[in-house]
Amino acid sequence: MNNTSVASATRLLGAALRALLVLTVVCGVLYPLAVTGVAQLAFPRQANGSRIEDASGRVVGSELIGQTYPDLRWFQPRPSNGLGVNSVNTRYRLLVSGATNRSGDNPELIRWVSDAKAAVVRDNSTPGFTVRPEDVPADAVTSSGSGLDPHISPRYARLQVHRVAARNHLTVAQVDRLVTEHTEGRLLGFVGEPRVNVLRLNVALRDLVFAGRR
């Protein structure tokens, strides 16, 4: 290799390193800082994870991600990453986000859905209020595409009202009012379906229960 070739290779290597340095600074430092700054100024709540706080100001979760609730005193979300053995969802884990990846006629999926429907009927039937299998909506027995959907349908929320009221020593009217207050309409009036954020609903439920104990 002659001196000209060495000089040319050195020049190309130097240019490549300078380009790498410039792109690293621009794309890896300046751009993220700019985007973060704009987000914090224009959309601070969303930029910080759309966090939900309880009455004491403690962060209890994000309105964007479903989570587990310990027992049937609380409104339950959609099943996650397949279905559990009852309607208490114990499987919300960020590392297992995803759908069941089974077709509608898959025998295992059919069994899961059938078992989940039976559990929803059993768990939500109370003295004087019997849930029929045909009353169970699809979102009560199937997971979403991500498996982390934070919302349920108003129909599924109302199906749980009697059970939640009985277990928290509240009236059905009190709990039903909470569902109505936390039902979100279609985006822009026509996009999507009405929905209920389960975490926001359960925070309001806890506040109502604690208020009744004071």
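For the chain, the mean residue ellipticity at 222 nm estimated from helices alone is -14000 deg cm²/dmol, where every DSSP H run of n ≥ 4 contributes -39500 (n - 2.57) and the total is divided by all residues, rounded to the nearest 500. Stretched out straight at 0.36 nm per residue, the stretch from T4 to V26 would grow longer than its current Cα-Cα span by 4.7 nm. What residues from segment 156-185 fall in the zone where the backbone N is under 19 Å from a label point 7 Å along the Cα-to-C-beta line of R132? Under 19 Å, as judged by backbone N against the label point of R132, lie 156-163 of segment 156-185.
Footprinting exposure proxy ranking of R18, R73, fewest other C-beta atoms within 10 angstrom first, gives R18, R73.
Estimated from the Cβ-Cβ distance and a Förster radius of 45 angstrom, the FRET efficiency linking T171 and T36 is about 0.45. In the chain, the convex hull through the Cα atoms has an average projected area of 19.7 nm², a quarter of its surface area. Label sites at F43 and A55, each approximated as a point 7 angstrom past Cα along Cα to Cβ, lie 3.2 nm apart. Cut-off 10 angstrom, C-alpha nodes, Gaussian network model of the chain. Which of S56, S125, S144 fluctuates the most? Among S56, S125, S144, the largest mean-square fluctuation in the Gaussian network model of the chain belongs to S56.
Over the chain, Cα pairs under 8 Å with separation of 6+ residues give a relative contact order of 18 percent. Within segment 3-45, the proportion of Cα pairs with more than 15 Å between them is 60 percent. Looking at the chain, do any whole DSSP H helices span at least 30 angstrom along their long axis by alpha carbon and average 0.0 or above on Kyte-Doolittle, and which? Length and hydropathy pass: 3-25.
Since every read-out is calculated from the coordinates, none of them should be taken as a lab result. Because the structure is a prediction, the values reported are computed rather than measured. Note that we place each Cβ from the backbone using ideal geometry, even for glycine, and neighbour counts take in every protein chain shown.
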